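These notes concern the structure reproduced below.
The values are calculated or read from the model by the stated rules, or taken from the named source; none is laboratory data. The structure displayed is predicted, hence computed values, not measured ones. All Cβ positions, glycine included, derive from the backbone under ideal geometry; neighbour counts span all protein chains shown. For the accessible areas, the whole protein counts, side chains as well, though only heavy atoms, and no ligand, DNA or RNA atoms are used. Shrake-Rupley method; radii C 1.70, N 1.55, O 1.52, S 1.80 Å.
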Amino acid sequence: MIPLSLAVTLRSPVHLGAKSTAGNFLAGLNYIPGRSLLGAVAWAWIDAGGDPGSPEFALRFVSGAVSWGDLHPVPVNEETRVAVDSEPLVVPRTVKVCKLMGLGHGLVDTLITTPPPDGCPVCSVGLDRLDGVLACGEDGRWLSPALQRRHRAHVAVAFATGTARTGDLYSREVLEEGQIFRGQVHCSDEPTARMILDELPRLRLAIGGARSRGFGQVEVQVKRATAPTLEGLRPRSERVAQSPADVWYFTLTAASPWCVREGDGAHARSLTPRRLARELGVDESNALIVRGDARSESRPGWDGAAGLPTEVRRVITAGSTFLCAVRGLDGPTLHGRLLRLVGRGIGEHRVEGLGRVTVNHPLHFISAEAANGE
C-alpha cells in the first residue's frame, strides 16, 4: 500500500446530506465521506474525457487498486490562524475529557488505563466522551477543529414554469468556504500512485449537493504521505500488561466505518475474536478481544449514476476501539501482519474508504503516560 495525502480546500459552500434530515431542514455532514470523494473524482474524470466503460475507469474507481478515504476538517492554530500541517485522527470512543474544561484539562483514556478513571484527574469533575477528530499541532498539543457551518434558506422551483413553488421554503446546512479537509488515498502499487498524483490536481471537482447553485467547488492538493510504521510494538504491549514473550497486546481503532459480515452473511456489530484471528492468520484460540467500546448503525446510501438507493449497510462506526491480545507469533511476523492489515483494511467497500484501521492509536498511550506521570 502506498499512501497519498489529500488536502481539499472548500472554494464555495458544500452540502453533504446527513440521514438526520427531517421536514424542510436538510442536515449536513461534518466531514467528506470517501464515497462522496470517489464519486466526485469519477464524474470529474468522465467530464475530462474519460470513458466509464474502459479498463482505466475500473482501475481507478472499481477494482480496489485505489481506496478513497474520508476527509476530515483540519484545526487552525489560534495564534497564527493557519491550518495545522498534520492529518486529523479519528478519536477513539474510549477517550474522554473534563465536562467543564474539555481539552484544557487534557485527555483521559479508559481502554488501557487501569483502573479506568471516574473523573477528571485535574479537578475531579465528571468526564464526557470526546467525539470527532484531533490533529497534533507544531507544539505537540492536540487540537480540535472548529467547524464553520451555516444554514442557507431556499425556495423550491417548479421546473415546468420556472417560478417558485408557493409556500415551499426549505433550508440546508452547509460547510462554509475556506475550510481545509485532509485525508488519505491508498494505492496498491507505484504506477497507480504516480497516476493519481498526476491526474488528481488537474481535475475540476465538485462535491455534494446543490452544485447547480454553485455549491461544492473544491481545490485539491495531493502529495506522498509517510508510510505507516509500528514502532515500539513490544514496549507498548508491556505497558498494557507484563505479558509472556509469546503474548502481544495492541489496540485496533476504526479510522473509518467498518462494514464486516459474519459467516452467515449478517453485518457484524463489533470486532470478534474469530474475525481478529482471520485477519492476522492465527488460530481462533490464540486471539482475544480483552475489552473494547464499539457502536454500530445503519447507513443508507444513494447511487447517483443509477438514480437508485443502495443497500442499507450496518457498519461499526469510526472511533470504535478494541484492546486485543494475540499469542503464538514472533515480533517481526506480527509487525508485518499488522502493517498488512493497516494497508489492506478490514471488511467490505474498502474502495470507498471503509475499513481503515489504526494500530496502537497514540491517544491511548498519551493518556496512559500522563496518568503515570511520565
Accessible area in square angstrom per residue, the range 175-307, 1.4 angstrom probe: 51
Fully extended contour minus Cα-Cα distance, from R141 to C123, at 0.36 nm per residue: 4.5 nm
From the P(r) of the range 167-261, can you give the percent of Cα pairs sitting at distances over 21 Å? 63
Bin all alpha-carbon pair distances of the range 86-218 at 10 Å intervals from 0 and give each bin's fraction as a whole percent. 9, 23, 24, 21, 17, 5, 1
Under 5 Å between amide hydrogens, which residues at least 5 positions from V290 or on another chain qualify, with H placed 1.01 Å from N in the peptide plane? L323, C324, A325
Karplus-derived HN-Hα couplings along the range 44-57 (A = 6.51, B = -1.76, C = 1.60, θ = phi - 60°), whole Hz, x at Gly and Pro: 5, 5, 5, 4, 7, x, x, 9, x, x, 8, x, 5, 5
Between E262 and R278, what is the label-point separation in nm under the 7 Å Cα-to-beta-carbon projection? 1.2
Probe 1.4 Å - accessible area at H105, Å² to nearest ten: 50
Return the inverse of the average 1/r over all pairs of distinct C-alpha atoms in the range 204-361, which is the Kirkwood hydrodynamic radius, in Å to one decimal. 17.6
When every protein chain stays in place and a 1.4 Å probe is rolled, F365, F57 sorted by accessible area with the largest first are F57, F365
Could you work out the relative contact order of the chain? I mean the mean sequence separation of Cα pairs under 8 Å and 6+ apart, divided by the number of residues, in percent. 24
Quotient of Cα radius of gyration and Kirkwood radius for the range 1-95, i.e. Rg/Rh, equals 1.03
Equivalent-ellipsoid semi-axes of the chain, from the Cα gyration tensor, Å, largest first: 36, 26, 20
Apply the Karplus curve 6.51 cos²θ - 1.76 cosθ + 1.60, θ = phi - 60°, to the phi angles in the range 6-18 and return the couplings in whole Hz, x for Gly and Pro. 10, 10, 10, 9, 6, 9, 7, x, 10, 10, 10, x, 10
Normalising by the residue count of the range 61-138, find the relative contact order in percent from Cα pairs under 8 Å and 6+ residues apart. 35
How big is the range 40-87 in terms of Cα radius of gyration and Dmax, in angstroms? 16.7, 50
Protein accessible area in the range 186-266, 1.4 Å probe - carbon and sulfur %: 47
